[in-house]
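Asks: Let me give you the structure first, and then I'll get to my questions.
The values are calculated or read from the model by the stated rules, or taken from the named source; none is laboratory data. Please read these numbers as outputs of a predicted model, since none were measured by experiment. Backbone-built Cβ (ideal geometry, glycine too); neighbour counts: all protein chains shown.
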Amino acid sequence: MGIRIGGQIEKVNGKELNYSEFVERYMEKNQPVVLTGLMDDWKACKDWVFDNGKPNLHFFSTHFGNSTVQVADCGTREFTDQKRVEMSVSEFVDHWLENSVQEHCSASTDHSNGHPVLYLKDWHFVKEYPEYLAYTTPLFFCDDWLNLYLDNYHMHKDPDTFQENNEISCSDYRFVYMGAKGSWTPLHADVFRSYSWSANVCGKKQWLFLSPSQHNLVFDRNMKSSVYNIFDDVSEKVFPGFTEAIWLDCTQEQNEIIFVPSGWYHQVHNLEDTISINHNWFNGYNLSWVWNLLLRDYNEAKEYIEDIRDICDDFEGLCQRNLAANTGMNFYDFFIFITYFCLANLVQLCHLLRDCKNPTWSSSTVARHLALNLRSLRNIAVKINSIGGVAGSHGFLDIRETLDDPIFLNLCVGLERTFGMIHKKQSFCFDTKKDLVDDLTSLDIIRTYGSQICTAKDLVRFIDNAIAIVSGINSEIVLPSELDGA
C-alpha cells in the first residue's frame, strides 16, 4: 500500500531570515521548514565528521566512549516504539563498524546482515559534556522554556513521582542521535506536543510529515492506537482513514536544520550514516498544545483505572502519578511550570519598564512578546481552572520565597538573555543579575495582592492585578488589551 505525497517542505536560507519573519511564517502558523546556512561554525561539524562527509566514529569512542546511552533496535517493535537496549558509546560504535565491514564485504543491500540495525537516540550530550561546546542553538529556537526550566528545576514536584536518578526529572530535552544507513524512527508526534528542531551534522534523512488536521487518519476507530510504520501493509480495517492521508515529503541534507511544529506526526529514515542534534522545546506560542495533550492523557489515565476508584485512598493522586509516568509531567508539574514563567515574564516586564526610560532602543517588540507570553499563560490558567483546578498541595507557590530564591534568579537571567538575543536588546554595560534583583524588588507593588499562588484562579488574578499595576505606572506599555478575551 503506497502513501500519497501532497508536497514538499520548504527550504529557506536561515541567514536571510530574521526572528520576526521566522515567527510569522512558521512558528505562529505551526508550519515546518528546513533552514540552511546556520551550522557553519559548529564544532560538531568539524570534530564529528570526516572531510568526505562520513561520521568520525572513532572520535566518539575516544572522547565519549564510556557514556551509557539508549539504543533502539530498529528491527524489533516493543509496544508503540522500537525496543531499547542500554550500552556504552564504545560498544555502539564497535557494533556499527563491525556491521559496516560485513556489509562492504558482502555487497549486500540488507544493512542488518543478520544483526540488528541500531540507532542511538536521546543521548543527553549537553548535560553530560557541558564544557564541550559542540554547537550553538540557532536564534530561531532560543525561546526555549522547557530546557531553560530543566536547567534550574526538576520537572516533578510530587515526592512520590520524583526520583533523583529519574532521567525525565533531572535532565533535559537536548539530544544527539547517531544511526547507520537504514536506521529509522516510527511514526510519532513529539513529546509534550512540543516543537522540535533537528540538525544533520552529517548524513541524509527522509522525513514524512502529516499535518495535525489529518492526525485522526492514522489512528484506529477508537483513536487509541496509531500506525507504527507507514510503509507497512497497513490494515484498512484497523485504520480505515489511512489511505486518505496526504503526506509532505522532505529530504534533509548535511548541515540542514528542520523545524518540526507541534502536533505534526512524522516518520524519519536515515538514508546515509547520520549524526544529528535534536531539541524539543516549547514557549508561549505552543503552550496550549502541551496542556491539550496533558488533559487528553489525564482523561485516558483516569478512565483506565476508573474501576478501582472506590477502593483507592488517593484516586486523583494515582491518576497524576500515572500521567507523569506516561506523559513526562502531570497537572501539578505543569502548573508550577507556568507559574514560574508567569512570574519570570513579569520580572522582564518590570525590567522593560525601567529600560523604557532609556531612549536608545525601542521596547515595542519586547512588549508584544511579553504580552503574548502572559496572554498564553493566562489562557492556560483559565483552562486549568475550568476543569476544577489543581487538587492537592503540590501546586502551592510562595511568591516572596520565589523572588528571593537564587535558582529563580537564574531562570530570570536565562529569560533575560533570551530576550536580549531575540530582540537585539543592549545591556548598556550593567550587571544583569544586579539589575534583575532591582526589578525583583520593584515587584513589591505586586506582592501587596498576596504572596501565595495555590490555584489556577489565584494565578489568573495575580496576572490581571500585576498587569493593571504595571500599565498604570507606564502608559506606554499597553498590555491589558492584549489580554482581553483570554
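Asks: Taking the criterion of being outside the structural domain of Tyr119 (by TED's automatic domain parsing), over 27 Å from Arg25 (Cβ atoms), touching a Phe, Trp or Tyr at 6+ places or on another chain (Cβ under 8 Å) and touching a residue at least 24 places away in the same chain (Cβ under 8 Å), would at least one residue in the stretch 278-300 satisfy it?
Replies: Within the stretch 278-300 (the criterion being outside the structural domain of Tyr119 (by TED's automatic domain parsing), over 27 Å from Arg25 (Cβ atoms), touching a Phe, Trp or Tyr at 6+ places or on another chain (Cβ under 8 Å) and touching a residue at least 24 places away in the same chain (Cβ under 8 Å)), the answer is yes, since at least one residue qualifies.
To keep it simple, each residue is scored yes or no on (1) at pLDDT below 95; (2) surrounded by fewer than 18 Cβ atoms within 10 Å (Cβ to Cβ).
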| site | (1), (2) |
| --- | --- |
| Phe337 | no, no |
| Leu349 | yes, no |
| Leu352 | yes, no |
| Arg368 | yes, yes |
| Ala371 | yes, no |
| Gly388 | yes, yes |
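Asks: Another question, if that's okay. Outside any strand (DSSP E or B), closer than 20 Å to Gln70 by Cβ, of a type outside the set (A, V, I, L, M) and in contact (Cβ under 8 Å) with a residue 60 or more places away in the chain - does that describe any residue in the stretch 235-247?
Replies: Our first condition is that a residue be outside any strand (DSSP E or B); within the stretch 235-247, this holds for 235-245.
Remaining after also requiring closer than 20 Å to Gln70 by Cβ: none.
No.
Asks: Name the residues in the stretch 292-311 that are over 23 Å from the mean Cα position of the chain (by Cα) and surrounded by 13 or more Cβ atoms within 10 Å (Cβ to Cβ), would you? Even if it seems obvious, please write down each step before you answer.
Replies: Of all residues in the stretch 292-311, those over 23 Å from the mean Cα position of the chain (by Cα) come to 302-311.
Scanning the stretch 292-311 gives Lys302, Ile305.
Asks: Check the stretch 217-228 and report whether any residue there is outside any loop (DSSP other than H, G, I, E, B), touching a Pro at 6+ places or on another chain (Cβ under 7 Å) and buried (at least 19 other Cβ atoms within 10 Å of the Cβ). Don't jump to the end; show me each part of the working.
Replies: Of the residues in the stretch 217-228, the ones outside any loop (DSSP other than H, G, I, E, B) are 217-219, 226.
With touching a Pro at 6+ places or on another chain (Cβ under 7 Å) added as a condition, the list becomes none.
No, there is no match, as no residue in the stretch 217-228 is outside any loop (DSSP other than H, G, I, E, B), touching a Pro at 6+ places or on another chain (Cβ under 7 Å) and buried (at least 19 other Cβ atoms within 10 Å of the Cβ).
Asks: Is it the case that Trp289 is touching a His at 6+ places or on another chain (Cβ under 9 Å) and at pLDDT 95 or above?
Replies: On the way: touching a His at 6+ places or on another chain (Cβ under 9 Å): no; at pLDDT 95 or above: yes.
No.
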